[in-house]
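Just so it is clear, none of the values below were taken in a lab; they were calculated from the coordinates. If you're wondering where the values come from, they're calculated on a predicted model, not measured in any experiment. All Cβ positions, even for glycine, are placed from backbone atoms using ideal geometry, and neighbour counts span all protein chains on display.
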Amino acid sequence: MIYGDRSTGVIVTGATGKQGAFHIALMNEYARKVGGVGVVAGVTPGKAGQEVAGVPVYNSIRDALKKHDASASVLFVPGFAAGDSIMEAASAGLSLVVAITEHIPVHDTMRAISYARIHGCDVIGPNCPGLLSPGEIKMGIMPVHLSSRGHIGVISRSGTLTYEIVDQLTRAGLGQSTIVGIGGDPVIGQTFRDVLRRFEEDDQTKAVVILGEVGGSLEEEGARATDLPVAAYIAGISAPPEKRMGHAGAIIEGGEGDARSKIARLKEMGVPVASRPSEVPRLIREIL
Amino acid sequence: MKLREHEAMKIFGEHGIPVPKGFLIHSPAELGPRMGELGDRFVLKAQVEVGGRGKSGGILVANPSNGARLAEELFKKEIKGVPIREVLAVEYLDIQKEYYASIAIDRSTKQALILFTDQGGVDIEILAKENPDAVRKASLPLLMRDIPPFMLRDLLGSSPKEIGSILNQLFRVFCAKDALLAEINPLVATPHGIFAADAKLIIDDNALSRQGITLNRDLTEREREAEKHGFSYVELNGDIGVIGNGAGLTMATLDLIEYYDGKAANFLDVGGGADQERVMHAVKLVAADPSVKVIVVNLLGGITRCDEVARGIISAGVVQPIIVRLAGTNEAEGRQILDGSGYRMMESMEQAVKAAVEAVQ
């Protein structure tokens, strides 16, 4: 596992909203199943004293940390508040923030990530489904029933496409070590490169699936920097230029970041690239 | 959202970037009374959001005697099919040298990327490829208030120092306006100083409301309708309507259609929590496009309730056939509901896409 394990205590920011409450319950259901610590506290300013899904709520992360042990936070706050919540978590000394929130202004993300880095805090997301280490910990909103524990790392800019691939890996008998949704925004905290570095240190992980999409060049930068066996799928071969394909970051701009050139560059590095999602398990078997 | 040149020019001017004197007109008649403000030579610039405006005759140099006639002509023109409704009239700049300056988002460093070159007035992407050394770059964390002097020295080289303060103002515009791109191309040296001869500003769609922008002009009418329902929608030019949940899965569905030699009519991501109501609206929206002959619905989720989705599909009551791939809770109920009403439910996205492509052939 990377980023966290059964012993990791988690604080949820934006706990009293509909999403926050719902996913605290699901994360703790999983924690109980695997014997983990799970979500220990929730934070919503002005809502101290309440309880959500059996978890006490505090006004701030600092207040929560006076009563509970935690090293990570998961955010469900609205877009305009998310940059602030990332910085609050970093300032309070947490080492990981998983920002589920979509529609964060990108300048807020950039400032918050710069600030978090100064405090030694890693940010996953924003606009991501979080991460899941089967049998260890779930931080975020990924459905757990499609996954199984094993040796394949998965890194993805997408949510549901990740579940699709994880489902296919599981059906093919290829369990996963950790599945990380790094987010669909143009600027994200942990990139393919950062997560691959973690997987390199992780004995459990033998090969990694990169699920990329149009926009930017983070997929190639990650694949270039690792010596782990990697296979990829890149979504958006049919995406027209200068159009945002659902994700704020999924856009071909100024002739950069189209799927064909991404795929070509990955193949030049010797990374096998699936032309359909269903080919991923076969490609992984070939590089294992 | 892309601002128009005159909007960006106004903002640049308000932030202390020297811009040419001028005003916006909405008809040729508005030019006459104010022509005196512009001097004995001026430029009429069509305000259209298409590239290559100058080459297509959208920028005309005029004088007080031919100005009225040229304005008449310009308002009758179309630039690449786009009618001209607004024209920016500005004083003529006696250009001695052209520069390029921009500030953009850099995904790799997660910082602002400042580009400067003394070879302005060109396509920066082409210049960066053909002569990368000519384009100077610097990355700046958004936690900074200004561009530090050493960075300005590196960027400018032997170019005039006063451009340094313009770059700093451009950085302030970039930050104040939640910009994805703030660009001056060209930035020009004249006998009267340095001026921004053009202005480009793209605002982050996720920051429009705090920038006081209520209507995103970059979207088509159907895209705007989709946004109201919380969908991401992009019009394409095929005949297979597509509805998915999640951007990646929806894109992968489009790609699979192309793989099997079909053509998608749209991209529609219904987003999270696809319930009966949302699915119904999505189906109706996609079906309203007259070129759509068949619709593929590909929904995968841990918490998506298949029975709800199935009811949503049926309640839309559209004429086109719909091929469905659903995975989530209550799958069996969902299948039953669909089977009873003549819609097809497939086991995998691959099967669903194949069936849809076959249906239009």
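Observations on the model:
- Ignoring lysines fewer than eight residues from A:Lys18 along the same chain, the ones with Cα atoms less than 21 angstrom from its Cα are A:Lys47, A:Lys138, B:Lys228.
- Among the GluC sites (Glu not before Pro) in region A:182-288, those located in a DSSP loop and surrounded by at most 15 other Cβ atoms within 10 Å of their own Cβ are A:Glu201, A:Glu242.
- Considering only region A:145-287, percent of DSSP beta bridges that pair antiparallel, nearest 5: 5
- Using the rule -39500 (n - 2.57) for each DSSP H run of four or more residues, divided by the residues of the protein assembly as shown, the 222 nm mean residue ellipticity is -9500 deg cm²/dmol.
- Shape analysis of the protein assembly as shown yields a ratio of the Cα radius of gyration to the Kirkwood radius, Rg/Rh, of 1.00.
- A cut-off under 14 angstrom between Cβ atoms defines the neighbours of A:Arg171, and their net charge, with Lys, Arg +1 and Asp, Glu -1, is -3.
- For B:Ala274, nonlocal amide neighbours, meaning residues 5 or more places apart or on other chains whose placed amide H falls under 5 Å from its own, do not occur.
- Here the 3J(HN,Hα) profile of region B:244-256, calculated from phi with Karplus coefficients 6.51, -1.76 and 1.60 at θ = phi - 60°, is x, 10, x, 5, x, 5, 5, 4, 4, 5, 4, 4, 5 Hz, Gly and Pro shown as x.
- Set of aspartates and glutamates with alpha-carbon distance to A:Lys262 below 12 Å, sequence-local pairs under 8 removed: A:Glu213, A:Glu219, A:Glu220, A:Glu221
- Largest-first ellipsoid semi-axes for chain A, taking √(5λ) over the Cα gyration tensor eigenvalues, angstrom: 31, 21, 15
- Between region B:278-336 and region B:81-123, the alpha-carbon centres lie 45 Å apart.
- Part-to-part distance (alpha-carbon centres) for region A:252-278 and region B:234-258, which is given in Å: 18
- Karplus-derived 3J(HN,Hα), 6.51/-1.76/1.60, for each residue of region A:240-257, Hz, glycine and proline x: x, x, 6, 10, 7, 8, x, 7, 4, x, 8, 8, 8, 10, x, x, 10, x
- Averaged over the residues of peptide B:201-208, the number of Cβ atoms from other protein chains lying within 10 Å of each residue's Cβ is 5.
- On a per residue basis, the convex hull of the C-alpha atoms belonging to region B:1-145 measures out at 144 Å³.
- Cβ-defined net charge surrounding A:Ile24, 14 Å radius [Lys, Arg +1; Asp, Glu -1]: +2
- Neighbour cut-off at most 11 other Cβ (10 Å), DSSP loop, trypsin sites (Lys or Arg not before Pro), region B:100-197: B:Arg145, B:Lys161
- Peptide A:243-252 shows a mean partner chain C-beta count of 6 within 10 Å per residue C-beta.
- Shielding of A:19-29 by partner chains, average beta-carbon count, 10 Å: 1
- Partner aspartates and glutamates whose Cα lies under 12 Å from the Cα of A:Lys33, excluding those fewer than 8 positions away in the same chain, are identified as A:Glu136.
- The eigenvalues of the Cα gyration tensor, multiplied by 5 and square-rooted, give region B:97-210 an equivalent ellipsoid with semi-axes of 21, 15, 15 Å from largest to smallest.
- Cut-off under 5 Å, modelled amide H: who pairs with A:Asp258 long-range: A:Gly215
- Residue exposure sequence - B:Leu300, B:Leu156 - by fewest surrounding Cβ within 10 Å: B:Leu156, B:Leu300
- Around the amide H of A:Val74, modelled in the peptide plane, lie the amide H atoms of A:Ile11, A:Val12, A:Thr13, A:Val98, all under 5 Å away and 5 or more residues distant in sequence or on another chain.
- The distance from the alpha carbon centre of region A:175-205 to that of region B:22-53 is 53 Å, rounded to a whole number.
- If you sort the three axes of the alpha carbon gyration tensor as a ≥ b ≥ c, you get a/c under 1.5 for region B:221-360, which makes it rounded.
- Here the Karplus curve 6.51 cos²θ - 1.76 cosθ + 1.60, taken at θ = phi - 60°, turns the phi angles of region A:213-221 into couplings of 7, 4, x, x, 9, 5, 4, 5, 4 Hz, with x standing for Gly and Pro.
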